[in-house]
1. Between Asp241 and Ser328, 0.36 nm times their residue separation minus their Cα-Cα distance comes to what?
2. To the nearest 0.05, what FRET efficiency results for Ala49 and Arg144 with a Förster distance of 30 Å applied to their C-beta separation?
3. Assuming R0 = 45 Å, what is the FRET efficiency of Ala214 and His275, from their Cβ-Cβ distance, to the nearest 0.05?
4. Which entries in Lys101/Lys355; Lys123/Lys274; Lys43/Lys339; Lys101/Lys278; Lys274/Lys345 show an alpha-carbon gap greater than 31 Å?
5. Let me have the 222 nm mean residue ellipticity of the chain computed from DSSP H runs of 4+ only, each contributing -39500 (n - 2.57), with the sum over all residues rounded to the nearest 500.
6. By how many nm would the segment from Asp251 to Ser363 grow when fully extended, if each residue of separation counts as 0.36 nm and the alpha-carbon distance is taken off?
7. Under a plain spin-label model, where a point goes 7 Å from the Cα along Cα-to-Cβ, how far apart in nm are Phe337 and Gln119?
8. What residues have an amide H closer than 5 Å to that of Arg7, excluding those fewer than 5 places away on the same chain, when H is modeled at 1.01 Å from N in the peptide plane?
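We did not get these values from a lab; they are worked out from the coordinates using the rules stated. Owing to the predicted nature of the structure, the values given are computational and were not obtained by experimental measurement. Every residue, glycine among them, receives a Cβ derived from its backbone with ideal geometry; neighbour counts consider all protein chains shown.
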Amino acid sequence: MARSQLRMAVVGLGHFAQAAILPAIEMLPDVSLCALVSGSEHKRHELGARYGARVLVDYGSLDRLLATGDIDAVYIAVPNDMHAEMTLVAARHGVHVLCEKPMAPTEAECMQMIRACEQRRVKLMIGYRLHFEAANLVAIELARGGDIGDPRLFSSVFSMQVRGRNVRTQPRRGAGPLYDIGIYCLNAARYLFRTEPVEVSAMRFAGRDPRFAAVDEAYAATLRFLIDRVAQFTASFGAHDRAHYQVVGTDGFLTLDNAYEYAAEGMTLHVVGKHGAKTRTFPRRDQIAAEIEYFARCLRDDLDPEPSGWEGLADVRIIRALYASADSGRPVRLEPFQKRQRPTKAQEQRRPSVKAPEPVHASPPSGD
């Protein structure tokens, strides 16, 4: 990419876009926020004025906007069932795509996105921000390096008390705790074990809470890997806030608290292994600015991004198998899946955290 600045449009102006994506772009000198795309005219105009975005359009005008040639890349932050549609529009015009996870509700849509971007030589990156975050990358190195021996067991909880009438409780394709927060747990298991599961099983939990009349409240899942490795996690929309994982090896263990959060004050990594017990605290950094900066570098230097569309597909195929298991009450075997690229310490990006601005007609998923 010859230009000094990446001209970006943000598609979708929900709470995450407002709290994290827009402030992240504002701090990056080599990225310019050129357009905002939203179904809310009020959001478009107020946020456009706040961030100096010149072009403000609704979703129906995205095709026309990208046809101008004035946008190099889009950050897609709309609901999950709209990811594929928006990606295909961008690919058609040769516009690069950074898409939030989960990549799409189905494997077929993921493949559509991958093939469309390949055909137009468009870079497709999925927004796994933790692939650039120090604490998780150090945990990967510890799991690989032998300090805890051979990693065998992974366990995790990611839970929150979702507000009533939040978008996460709407009956849309790709909604629910597995897609929304369970994906962090299964992605962590995959990057810590550095291999793919061969069989999965799951059970769903649905109480009488009216918040969950249209979506499931929680899932408990088990993923079996080759070479005697197993991962278990619970993802819940109806329990106290918790974001934690533990990896137990043949000679020790590690735990990471606040493992999946982007707004937490910091992450704490505790290791007990061959070299004794150690605890390290990682300060809060801007994870979204880090991933956008990496994405911009991939475009500038013509590099294939990690995490790619194939990483997004790898998680979606597991989620679909977990749903099938919960429906049938039986384990589901997975076809072999080869993954060449995985996150490494070399991908770490450090950007200072910023205070989230006052949102415009948007509220966080949980909290008082």
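1. Extra length from Asp241 to Ser328 when fully extended: 28.4 nm.
2. Computed FRET efficiency for Ala49 and Arg144 comes out at 0.05.
3. After rounding, the FRET efficiency stands at 0.35.
4. In this structure, Lys123/Lys274; Lys43/Lys339; Lys101/Lys278 lie more than 31 Å apart at Cα.
5. The helix contribution divided over the chain gives -8500 deg cm²/dmol.
6. 35.9 nm
7. That separation, rounded to one decimal, is 2.4 nm.
8. It is Ser32, Asp72, Ala73, by chain and number.
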